[in-house]
Amino acid sequence: MSLIRRLLSAALLLAAALLLAWAAPSGVRAQTAAGDLAPALAKIAADSYSDTEAALGMLATSTNPQAGVIVAAISDNRLLFDPASKAIYVRAKDGSFTDAATGAAVSAAPAGLKPVRLNNRVRRAADAAAGALSLLNPDPAKRLEAAAAVFKSRDASALPTLDAALAKESVANVRAALEQARAAIVLTSAASSEADRLAAVNLIAARGDQEALALLANVPADAPASVKAAAANGTAKINRSLAMWNVAQNVWYGLSLGSVLLLAAIGLAITFGVMGVINMAHGEMVMLGAYTTYVVQDIIRTSYPGLFGWSLAIALPLAFLFTGLVGIIIERTVIRFLYGRALETLLATWGISLMLQQAVRSIFGPTNKEVGAPSWMSGAFDVGQLSITYNRLWIIVFALLVFFALLVVLKRTSLGLYVRAVTQNRRMAAAMGIRTGRIDALTFGLGSGIAGIAGVALSQIDNVSPNLGQGYIIDSFMVVVFGGVGNLWGTLVGALTLGVANKLLEPFAGAVLGKIALLVFIILFIQKRPRGLFALKGRAVEA
């Protein structure tokens with residue numbers, strides 16, 4: 001029994017010793033963790049801009065988790081200090097307070113706390129410190145953001161952390177960003193050697209964006225002559241590269257504009273080509289399609305919010321059917337009495353366009369209506385220095401899909417066969433038993449329906465208002481006449497050509513003069529080729 005007691009006593013003593021051994025280092029660690037922030041917190045409590053900036057440099061190299069909390073609190077103006085005790089506190093977003101040194105909750109904050117003052121230098125230092133503290137974050141996206149912040153701040157205090165992050169980095173794009181951030185620090189540091197600065201210039205020049213250009217254009221005055229010469233060469237190289245990317249960006253904008261013109265003009269190409277009707281109300285069909293989208297989204301927002309991501313898919317067939325029906329009604333009630341009198345169709349359809357605009361103003365009001373973009377059409381991505389937005393990309397894809405779907409309809413269906421027959425020789429088609437009046441109505445409805453789905457697409461990039469269609473009707477006629485009346489391939493080529501040419505001319509001539517130049521070009525072009533780029537061929541000249 002005595003042996004058992006001795007063994008139990010020894011076990012209890014051993015357990016107590018282990019507990020003390022564990023607790024003591026923990027306490028030491030806690031004191032050390034709080035202690036390594038003490039110099040930085042003391043500088044912050046001095047309430048001086050320069051001291052706060054120096055404290056942020058110290059926090060940027062700290063391994064204490066509280067350092068990130070303090071830096072974030074300074075940036076958000078949530079760091080306060082007690083003028084009497086010089087204690088520092090962090091105010092949470094819910095209004096509670098914690099001790100900045102330890103992170104422990106404070107039941108009641110002292111009265112008279114003052115916020116740590118900020119100026120532009122302190123804000124830049126806080127951004128640099130936040131970037132340096134994020135360089136070792138497990139998330140690659142966070143490390144990439146941190147590298148970008150250090151590149152902008154060029155804070156030399158982040159260099160040790162940057163080197164440590166580079167030693168561990170395995171993700172290629174993050175590693176490249178870290179190397180560029182380090183090069184920015186080396187280039188602006190007087191302590192760097194000439195060889196290191198030259199290597200930094202080459203690395204920054206390879207980046208090739210506006211930030212790299214600004215950095216190389218402001219090389220420190222104390223830099224060696226060879227570094228300044230290399231920076232000048234790098235600046236010239238970046239300027240040439242950016243000029244090429246700028247042209248590519250304008251071409252992309254031109255393709256985007258061309259796809260919009262294609263959507264707006266493709267229906268007009270059919271009606272104008274088949275019936276010879278100058279339809280000035282075509283833009284209002286686009287406008288009605290946009291308002292159909294607005295009505296669909298308004299119903300979904302109020303009754304079925306979970307379907308908002310599908311709102312455009314729901315609006316497309318509804319816009320096609322509604323505007324197609326409106327087009328058929330216009331053709332049967334007005335247009336069919338005016339065939340062969342082009343100027344009278346122009347005046348009649350212009351009057352119809354005014355009536356439709358006023359009807360929409362009376363129903364929906366004159367102000368712009370909000371049409372939201374689904375999540376899959378929001379945002380952008382970069383290809384080199386080229387910025388591509390998802391909504392424009394999807395509109396280009398959608399325009400091409402509509403174009404090829406219409407080609408299939410015209411080439412592979414009986415309706416398309418009849419339309420092509422009437423287009424090539426109306427009298428012969430009527431003699432062969434084709435009801436040309438019915439084909440005219442269906443064709444006008446088809447063209448109006450396509451204009452309606454063009455309005456669905458345009459609602460994502462333009463204001464939905466009663467005047468929406470007016471901005472596209474003239475350009476649509478220019479596309480149709482330039483490409484060739486009634487020829488879909490001509491409409492495609494004409495829309496993309498005019499869109500790209502317009503965007504390439506804008507930087508030199510401006511938006512207004514650029515459009516005037518294009519109009520003059522088309523007038524001169526039509527003098528040489530009255531039927532456009534791709535003229536339809538038929539048995540009758542008057543067809």
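Counting just the residues of the range 267-288 that are at pLDDT 85 or above and not in a loop (DSSP other than H, G, I, E, B), which one comes out surrounded by the fewest Cβ atoms within 10 Å (Cβ to Cβ)?
Only one residue tops the list, namely 288.
Among the residues of the range 94-110, which ones are open to solvent by 70 Å² or more (accessible area, probe 1.4 Å) and at pLDDT below 80?
94, 107, 108
Take the conditions among the hydrophobic types (A, V, I, L, M, F, W, C) and either open to solvent by 10 Å² or more (accessible area, probe 1.4 Å) or in contact with a Gly (Cβ under 7 Å, 6 or more places away or on another chain) (or both) and apply them to residue 295. Does it pass?
yes
Test each condition in (1) farther than 30 Å from residue 438 by Cβ; (2) touching a residue at least 40 places away in the same chain (Cβ under 8 Å); (3) among the charged types (D, E, K, R) for residue 298 and report the one that comes out false.
For residue 298, the failing item is (2).
Would you check which residues across the range 48-93 are of a type in the set (S, T, N, Q) and either more than 22 Å from residue 107 (Cα to Cα) or open to solvent by 50 Å² or more (accessible area, probe 1.4 Å) (or both) and list them?
Selection gives 48, 50, 52, 61, 62, 63, 64, 75, 77, 85.
Among the candidates 26, 9, 85, 50, single out the residue that is of a type in the set (Ser, Thr, Tyr), modelled with pLDDT of 50 or more, part of a helix (DSSP H, G or I) and farther than 23 Å from residue 155 by Cβ.
Just one listed residue meets the conditions, 9.
Any residue at all in the range 200-207 that is out of contact with any Leu (no Cβ under 6 Å at 6 or more places or on another chain), touching a residue at least 24 places away in the same chain (Cβ under 8 Å), surrounded by 17 or more Cβ atoms within 10 Å (Cβ to Cβ) and not in a helix (DSSP H, G or I)?
So far as the range 200-207 goes, no, none of its residues is out of contact with any Leu (no Cβ under 6 Å at 6 or more places or on another chain), touching a residue at least 24 places away in the same chain (Cβ under 8 Å), surrounded by 17 or more Cβ atoms within 10 Å (Cβ to Cβ) and not in a helix (DSSP H, G or I).
List the number of the failed condition for residue 318; all other conditions in (1) in contact with a Ser or Thr (Cβ under 8 Å, 6 or more places away or on another chain); (2) open to solvent by less than 70 Å² (accessible area, probe 1.4 Å); (3) at pLDDT 90 or above hold.
For residue 318, the failing item is (2).
Of the numbered conditions (1) in contact with a strand residue (DSSP E or B) (Cβ under 9 Å, 6 or more places away or on another chain); (2) closer than 29 Å to residue 496 by Cα, residue 311 satisfies every one except a single condition; which is it?
Here residue 311 meets the rest and fails (1).
Within the range 156-194, how many residues are within 30 Å of the chain's Cα centre (by Cα) and either within 20 Å of residue 221 (Cα to Cα) or outside any helix (DSSP H, G or I) (or both)?
6
Given the condition closer than 30 Å to residue 359 by Cβ, modelled with pLDDT of 85 or more, touching a Pro at 6+ places or on another chain (Cβ under 7 Å) and not in a helix (DSSP H, G or I), answer yes or no: does some residue in the range 448-468 qualify?
yes
For the range 350-388, what are the residues that are β-branched (Val, Ile, Thr), surrounded by fewer than 17 Cβ atoms within 10 Å (Cβ to Cβ) and not in a helix (DSSP H, G or I)?
Of everything in the range 350-388, those that are β-branched (Val, Ile, Thr), surrounded by fewer than 17 Cβ atoms within 10 Å (Cβ to Cβ) and not in a helix (DSSP H, G or I) turn out to be 367, 383, 388.
The values are calculated or read from the model by the stated rules, or taken from the named source; none is laboratory data. Computed from a prediction, not measured in an experiment: that's the story for all the values here. Methodologically, a virtual Cβ is constructed for each residue, glycine included, from the backbone with ideal geometry; neighbour enumeration extends over all protein chains shown. Just the protein is used for accessible areas: all its heavy atoms, side chains included, with ligands, DNA and RNA removed. Shrake-Rupley method; radii C 1.70, N 1.55, O 1.52, S 1.80 Å.
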